[in-house]
Amino acid sequence: MKICFVVRSLFRQLPAYTTTHLAFEAYARGHEVAMASLNHFTLEKDGRVFAWAVTPTNKSLSDRDVFLKHVQTKEGRFERHCLNDYDFVFLRYNPGEEDLLHRQWSPALGFGRALKEAGVRVVNDPDGLARASSKMYLTQFPQVSVPSIVTRSPEDVRAFLADLKKPAILKPLHGYGGRNVFLVKDTSEVNLNQIISAATERGYLMAQEYVPANPAHDKRVLVCNGKAIALGNRWAVFQRVSQKGEIRSNMRLGASRQEATLDFEETQIVEAVGPQLVKDGLFFVGLDIVGGKLIEINVFCPGGIHNINQLYGANVGKEVIKVLEHDHATLGRKREAFIEGATP
C-alpha cells in the first residue's frame with residue numbers, strides 16, 4: 001500500500017507520538033510510507049493534490065527513533081508527491097484553539113475532500129471530521145453519555161444546573177487539552193459568571209453532568225473501524241489518573257497511566273457508538289469513558305498508543321495497519337469483481 005501521514009508539522013513529531021507509531025509500523029510491514037506537513041500542500045487546477053513529503057530510503061530502519069530521525073533530517077527523499085496516487089491518506093492534523101477560531105484547519109479538510117472525491121481513502125474521513133469537529137457530536141449518543149447542554153446563555157446554564165441538582169463540568173465546545181475546563185458544584189458558585197464568561201470567550205460552551213473520576217473509571221479506549229482494538233486477551237485501553245486536586249485527566253497536564261480493562265457496560269458504550277463512527281468514516285478514534293459514561297469522542301488526532309504499548313508490551317500501531325491492509329484487500333477484490341462483471 002501507499003500511505004501518506006499528514007501532520008501539522010513533520011519536524012515537531014516525537015518518537016512517542018501515535019502518528020510516529022503508525023507510520024513506523026506501516027513502514028516495518030513493507031508499505032510505501034510518506035510523511036507530510038500540511039503547509040506543504042498544493043491543489044492543482046485539474047483537481048489533483050500534491051504535497052512535498054519525505055519517504056524513507058533506508059529499508060532497514062530499526063526502530064521508531066531511527067525512523068523519525070531519518071525522516072526529519074530528510075535523509076529520506078523529500079519530493080513532490082501526487083497524493084491522488086496513494087491508497088490511503090491518514091489525516092493526523094489536530095486543530096488547536098486558534099485554528100478553530102480562525103478556521104485555519106479547513107484546508108486540511110479541503111485537501112482531504114479533493115482526495116476523497118478522487119477515490120483515495122482518507123482517514124479519518126474529512127466530512128466525518130467536519131461533523132465531529134466539536135463536542136456537540138457527543139449529543140448524538142444520549143443513551144451512553146451524561147446529560148448536557150450546548151449554549152452561550154448564562155441563564156440557560158443556571159437553569160441546567162438547577163435542574164441537574166448535581167455538580168457539572170463547563171468547557172468550551174471547541175476546546176482541547178483541558179483548557180478552560182471548570183467544575184461547578186451548583187448555582188450558588190460565587191464565580192459562576194466569570195466561569196461562564198471564560199468558557200464562552202471564543203464561542204459556545206458545553207455543560208455536562210460531572211462524573212467523579214476515580215482511577216478505576218477514567219479510561220481512554222482506542223477504536224478502529226467502530227470496534228475497540230483487541231490486543232490478544234485485552235483491549236487497547238488504559239486508565240488516566242489525575243494529579244491530586246485536579247479534575248482534568250489529560251496526560252499533558254501531568255496525569256499518570258495505569259492498566260485497565262473494559263467492563264460489560266463500557267463495551268456496550270463502544271458498541272453503541274461504533275456503527276455511527278463507521279458511517280461517518282471515523283476510522284481511528286479515542287473514546288473517553290468516565291464512570292460508565294462517554295464524555296469525549298476524539299477524532300482529529302487521538303493518541304494513546306505509546307502508553308498502551310508500554311503498559312502491556314503490545315503493538316497497537318501494528319493492529320491499526322493490519323485493519324488498513326484488510327480494507328485495502330477488500331476494496332481491491334470489489335474493484336476486480338466490478339471490472340470482471342463489466343467485461344463483455
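The values are calculated or read from the model by the stated rules, or taken from the named source; none is laboratory data. Nothing here was measured: the structure is a model prediction, and the numbers come from that model. Ideal geometry is used to build each Cβ from the backbone, glycine not excepted, and the neighbour counts take in all protein chains shown. Only protein heavy atoms, including side chains, enter the accessible area calculation; ligands, DNA and RNA are left aside. Shrake-Rupley method; radii C 1.70, N 1.55, O 1.52, S 1.80 Å.
So here's what we get for this one:
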{"read-out": "For Gly274: the one exception among (1) modelled with pLDDT of 95 or more; (2) touching a Phe, Trp or Tyr at 6+ places or on another chain (Cβ under 8 Å)", "value": "(2)"}
{"read-out": "Counted residues, region 50-65 - those being open to solvent by 20 Å² or more (accessible area, probe 1.4 Å) and either at pLDDT below 95 or assigned to a loop (DSSP other than H, G, I, E, B) (or both)", "value": "6"}
{"read-out": "Cβ pairs under 9 Å, 6+ apart, first in region 130-149 and farther than 17 Å from Val299 by Cα, second buried (at least 17 other Cβ atoms within 10 Å of the Cβ) and of a type in the set (Asp, Glu)", "value": "Val146/Glu209; Pro147/Glu209; Ser148/Glu209"}
{"read-out": "Members of region 1-24 found to be touching a His at 6+ places or on another chain (Cβ under 9 Å) and part of a helix (DSSP H, G or I), listed by number", "value": "Leu10, Thr18, Thr20, His21"}
{"read-out": "Checking Gly332 against (1) loosely packed, with under 13 Cβ neighbours inside 10 Å; (2) at pLDDT below 95; (3) at positive phi, the condition it does not meet", "value": "(3)"}
{"read-out": "In region 135-149, the residues that are over 14 Å from Ile269 (Cα atoms) and outside any loop (DSSP other than H, G, I, E, B)", "value": "Lys135, Met136, Tyr137, Ser148, Ile149"}
{"read-out": "Of all residues making up region 76-113, the number that are outside any helix (DSSP H, G or I), modelled with pLDDT under 85 and open to solvent by 40 Å² or more (accessible area, probe 1.4 Å)", "value": "3"}
{"read-out": "Residue under evaluation Asp163, criteria (1) part of a helix (DSSP H, G or I); (2) closer than 21 Å to Ser106 by Cβ; (3) open to solvent by 60 Å² or more (accessible area, probe 1.4 Å), criterion not met", "value": "(2)"}
{"read-out": "Residue within region 28-49 that is closer than 25 Å to Ile229 by Cβ, assigned to a loop (DSSP other than H, G, I, E, B) and touching a strand residue (DSSP E or B) at 6+ places or on another chain (Cβ under 9 Å) present", "value": "yes"}
{"read-out": "Condition check for Thr267: surrounded by fewer than 20 Cβ atoms within 10 Å (Cβ to Cβ) and at pLDDT below 95", "value": "no"}
{"read-out": "Unmet criterion (only one of (1) open to solvent by 70 Å² or more (accessible area, probe 1.4 Å); (2) over 23 Å from Ser106 (Cα atoms)) for Pro147", "value": "(1)"}
{"read-out": "Qualifying position, being touching a Lys or Arg at 6+ places or on another chain (Cβ under 7 Å) and either modelled with pLDDT under 90 or open to solvent by less than 60 Å² (accessible area, probe 1.4 Å) (or both), among Val211, Val184, Val157", "value": "Val211"}
{"read-out": "Verdict on Glu201 being surrounded by 14 or more Cβ atoms within 10 Å (Cβ to Cβ) and at pLDDT below 90", "value": "no"}
{"read-out": "Enumeration of residues in region 287-336 that are more than 22 Å from Thr261 (Cα to Cα) and out of contact with any strand residue (DSSP E or B) (no Cβ under 9 Å at 6 or more places or on another chain)", "value": "Lys322, Glu325, His326, Ala329, Thr330, Gly332, Arg333, Lys334, Arg335, Glu336"}
{"read-out": "Check on Lys116, touching a strand residue (DSSP E or B) at 6+ places or on another chain (Cβ under 6 Å), in a helix (DSSP H, G or I) and not hydroxyl-bearing (Ser, Thr, Tyr)", "value": "yes"}
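Per-residue answers, yes or no, for (1) within 14 Å of Ile295 (Cβ to Cβ); (2) at pLDDT 75 or above; (3) charged (D, E, K, R):
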site	(1), (2), (3)
Lys219	yes, yes, yes
Val223	no, yes, no
Ile229	no, yes, no
Trp235	no, yes, no
Arg240	yes, yes, yes
Ile247	yes, no, no
Asn250	yes, no, no
Gln258	no, yes, no
